[in-house]
């Protein structure tokens, strides 16, 4: 796929993902059940705890613990499914984009007969290292360096 088309599809997916998330989030928040916003201190939960739990302290404690855990688990599962509804569309679009909208593979250039082989740079470097220095390049180490 060409770069310009890939970029256009990417922008369309980003914009549509943002629109999806805004729309679904607003629907999710508008249809949020009242039980999802209740806390353990709310009067409705307190009435349920007082109505259903009786007996010894141990029995009341187990009963209240069961009600609190069930309420928390229901709330969590409901909100987790709502969150999944918000992010599932953009995640699916991202997976589609990565999987099916890959750029075209780069085709290697055909080898030309005048092109040097792959190791020619190494041979040239070795020749430069092992070449004797010319007379002008030699350092006269027998003369002491000047003092001033």
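The values are calculated or read from the model by the stated rules, or taken from the named source; none is laboratory data. Keep in mind that what you see is a predicted model, and the values were worked out from it rather than measured. Every residue, glycine as well, gets a Cβ built from its backbone with ideal geometry; the counts of neighbours run over all protein chains shown.
Just a few scattered comments:
- First in the stretch 2-16 and outside any helix (DSSP H, G or I), second anywhere and at pLDDT below 90, Cβ under 9 Å, 6 or more apart: 2/103; 2/104
- Residue match in the stretch 48-60 (condition: within 38 Å of the chain's Cα centre (by Cα) and surrounded by 12 or more Cβ atoms within 10 Å (Cβ to Cβ)): no
- Condition met for residue 27 (surrounded by 12 or more Cβ atoms within 10 Å (Cβ to Cβ) and modelled with pLDDT of 85 or more): yes
- Taken as a whole, the condition of being surrounded by 13 or more Cβ atoms within 10 Å (Cβ to Cβ), without any contact (Cβ under 8 Å) to a residue 40 or more places away in the chain and either closer than 28 Å to residue 85 by Cα or touching a strand residue (DSSP E or B) at 6+ places or on another chain (Cβ under 8 Å) (or both) applies to residue 67.
- Scope the stretch 30-43; condition over 33 Å from the mean Cα position of the chain (by Cα) and either exposed (fewer than 12 other Cβ atoms within 10 Å of the Cβ) or modelled with pLDDT of 85 or more (or both); matching residues: 34, 39, 41, 43
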